[in-house]
Amino acid sequence: MGNLQTAAPAATISDHPPSRPRGATTLHPKPMASPDRPQLPPVDPGSAPESPEAEVPAEVQEERDLTSIRVLATLDPKEIKDMTEEEREALREHFITALETATTAEARVRLYARVTDMYLLDTAIGAALPVIGDIATSAGSAGYLYWESQNMELEGSDIAKIMGWQVADAAIGLIPGIDLATDTVFPANVLSARYFTAQLNKLIANAKVAGVPEEVIKKMVEDADFMITKYDFIYKMYKWVKGNGQGKLPDPDKPQITGPKQK
């Protein structure tokens, strides 16, 4: 018998998919467009327009807290005069509230300065406790005046000067003997109190421009000054003697209420 060769079964298409030539690109079917979705043209990222920036007004007015003592004291009088009557009326209410706080703070500081410097309380403490007493009184004065400066909303430069007076006073106190002589020549608390009075005077001047009646301002100052006029017996006697029994000696540190009426 001859060798029988069995023929291999013929390969079908389903058994071996056609091979893809090397380097050929696979094609994917293009998705069909949805009838409900708008068809947008392709956008070149390099040519995309930039989003327009919001226009900034040429003059942007700074928001100011008109209840602040510092802002009210530094307002330009011309700006107050240019306000409408409704604006000035609202501003007057802010001035009255600010004056209630400022007058009492200034009076407290003025009384403190008189007791510690003019009546030599700090000098007596420094004589009883050399060096330690001077440092203690300067530190106490610095803390108290800083607290009052926050109530009065003094400028940062004025606060720095006040603290500088206290540091200088404490440095002088480190030299025994000299501190007692310089307390009368270099009254740190009296010098510091002048910044409070100056701030109050500026506030009073602008309040008068805004239309706050002078009688109202005077009443506030007198009410705040009550602690001095009633309890400062030494100063009352001093005024009586210097005023030839009339007590009319003007107080150089007192806020200036009277003056030419502002229009």
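Only the coordinates and a few stated rules stand behind these numbers; no lab work does. From a predicted model like this one, the values you see are computed outputs, not experimental measurements. As a convention, Cβ positions derive from the backbone with ideal geometry for all residues, glycine included, and neighbour counts pool all protein chains shown.
Odds and ends about this structure:
- Selected residue (criterion: farthest from LYS161 (Cα to Cα)) from residues of segment 198-230 that are surrounded by 20 or more Cβ atoms within 10 Å (Cβ to Cβ) and polar (S, T, N, Q): ASN206
- Residue, surrounded by the most Cβ atoms within 10 Å (Cβ to Cβ), within segment 124-149, restricted to residues that are closer than 22 Å to LYS161 by Cα and among the β-branched types (Val, Ile, Thr): THR137
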